[in-house]
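*Asks:* If you scroll down you'll find the structure; I have some questions about it.
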Amino acid sequence: MADAATTPLLTSHEAKPAKALSIDDAIETYIGATGARQLLTAMLLAFAWAFEAQQVFMPVFTDAEPTWHCTGVAAGDPGSFCSLAAASASASACALPPGTWEWDRPAETSVVSEWALKCGGGGPALVSLPASSFFAGNLAGGFLLTTLADTLLGRRKMLVLSLVTMSVAGVLTVFSPNVWVYAALRFVCGFCRSTAGTSAMVLSTELVGKWWRNTVSVAAFVFFSVGFMSLPALAYTLREASWRNMYVWTSLPSLCYAVLLYFLVQESPRWLLVRGRKQEAIAALRQIASLNGGEGITTSSFTKLETCAGEVGDGVAGGEGMFATLRSICERRWALRRLAAITTATFGVGVVYYGMPLSVGSLSSDLYLSVAYNAAAELPSSVLSWLLMGRFNRRSSLVALTAASGLCSLACVVIPDPEAGAGGSRLRLAAELASFFASCAAYDVLLMYSIELFPTSVRNSAVGLVRQAGVLGGVVAPMLVALGRERSYWSFGVFGLTVGCLGLFVTCLPETKGRRLSDTMEDEEEAAAVLSGG
């Protein structure tokens, strides 16, 4: 009788075995509270965005069209014709007789003047070729390389490799003999740069506890602004020197930084566990724990990892191929639906994020101050995105930000042009800056949101594709800006409608505030099922 009475209890107990410790819980257990040294390591990783920003916005100065003045020394032209042409706002020195004008600064200060791109028959297409090549390389690299950080190389090796190759391409750019070689090297630089920021952000968030993830993500955006703001100061210092010096003084520090990361930063233990490399993950966790004061931890202390590492070690997404993670996403409707929704929203934000500075920058005659103002506008948006991620839902924050950006952009269509009066000029400038500010914050939130939407096994690939969607918006933006010089609704109107309408796609995404990070596709499916069931 006693046995009969106790059997149901034992059966009931065996039917509900203890749930295996998740990777997220295991890592939180072993690394403990994020210490100052661990946080400093994550911040060091985030600094990669500063070097990335320098390469993105370098052409603003190196490929700028220099100012010119009349000399009036050519035969048959006492200077009056040249002076009349110079007084015209749309004047081009190429239409003037040779010898009647010259550049205000040495020809080697810009690729446009050194290689006579403006007057050499190529026109605007040849002038914009290097910048276009950079973004084309960025798109190609983002598609071909971003999956390697999830499969073969890992976050750390991919980041170091990206920084080294980007820096080497920047150094080689110094030796460009013509615009064609220059454009080819800019393509290579963009190709290599495409994975640097993504790998740095994903790795830094996977090395800290969950309470610090938003902070280190925002630190990357702050460092991006710092890198952007460093260019005007550097360009002003080298304003009389060759444009090649800009690449030397940005590429060499980036190369040294990559070497420093190689020796100071460890691989993500989360990624190592997902790949089934338990011993390497334990070594990485021990190194992180030592940063937090846990020097006494030994290998035997990590016995709890046996179960969770065994469960996910065989669950590598899609296998070992270069595009394994992309196949894994495409094979699951929920993952493909998430990727489609967030990349569509990011494309809309990217149109404004890259397009608005082209319009705002034209409001200032001082190139250095104009770029500095645009860069400074990103700093408060990073703080706003940090506050939103900590206190509000992701979807509602994004809908509000994209709607605000769209409305402010549409307001620029109805506000009188700057020529209509000082009041109209100030209002339009305020609306433009407000739209850009909201788009910056929305872009930051989208990248942090994408980290939470996808598991470790495909996270780097997904975040990389989200970033490329923003770059694709940047490819479209210059064409809209060119059309909008005559009629503002082609630029500001399309900007507003695009970001406002496409931003609504985030409503198709699940809310992730307060959730732990998933590690495998099955883990994410289980978490989603629990939420939908509740």
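The values are calculated or read from the model by the stated rules, or taken from the named source; none is laboratory data. Because the structure is predicted, anything quoted here is derived from the model rather than measured. Reconstructed Cβ throughout: ideal geometry from the backbone, glycine too, with neighbour counts over all protein chains shown. Ligands, DNA and RNA are stripped out before the accessible areas are found, and what is left, the full protein with its side chains, is counted by its heavy atoms. Shrake-Rupley method; radii C 1.70, N 1.55, O 1.52, S 1.80 Å.
Yes/no per residue for (1) open to solvent by 30 Å² or more (accessible area, probe 1.4 Å); (2) modelled with pLDDT of 80 or more:
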| position | (1), (2) |
| --- | --- |
| GLY484 | no, no |
| GLY493 | no, yes |
| LEU502 | yes, yes |
| LEU509 | no, yes |
| SER518 | no, yes |
| MET521 | no, yes |
| GLY533 | yes, no |
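*Asks:* Restricting attention to the range 272-287, which residues are open to solvent by 30 Å² or more (accessible area, probe 1.4 Å) and closer than 16 Å to ALA149 by Cβ?
*Replies:* The answer is ARG275, ARG277, GLU280.
*Asks:* Kindly establish whether VAL208 is outside any helix (DSSP H, G or I) and open to solvent by less than 40 Å² (accessible area, probe 1.4 Å).
*Replies:* Spelling it out, VAL208 is indeed outside any helix (DSSP H, G or I) and open to solvent by less than 40 Å² (accessible area, probe 1.4 Å).
Yes/no matrix, rows are residues, columns are (1) at pLDDT below 55; (2) closer than 30 Å to LEU207 by Cβ; (3) open to solvent by 70 Å² or more (accessible area, probe 1.4 Å):
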| residue | (1), (2), (3) |
| --- | --- |
| ALA18 | yes, yes, yes |
| ILE31 | no, yes, no |
| GLN55 | no, yes, no |
| PHE61 | no, no, no |
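*Asks:* Does ARG286 satisfy being more than 30 Å from SER382 (Cβ to Cβ) and modelled with pLDDT of 85 or more?
*Replies:* Taking the combined requirement at face value, the residue does not satisfy it.
*Asks:* Could you list, in sequence order, all residues of the range 236-271 that are part of a helix (DSSP H, G or I), crowded, with 23+ Cβ neighbours inside 10 Å and over 22 Å from the mean Cα position of the chain (by Cα)?
*Replies:* Across the range 236-271, the qualifying residues are PRO269, ARG270.
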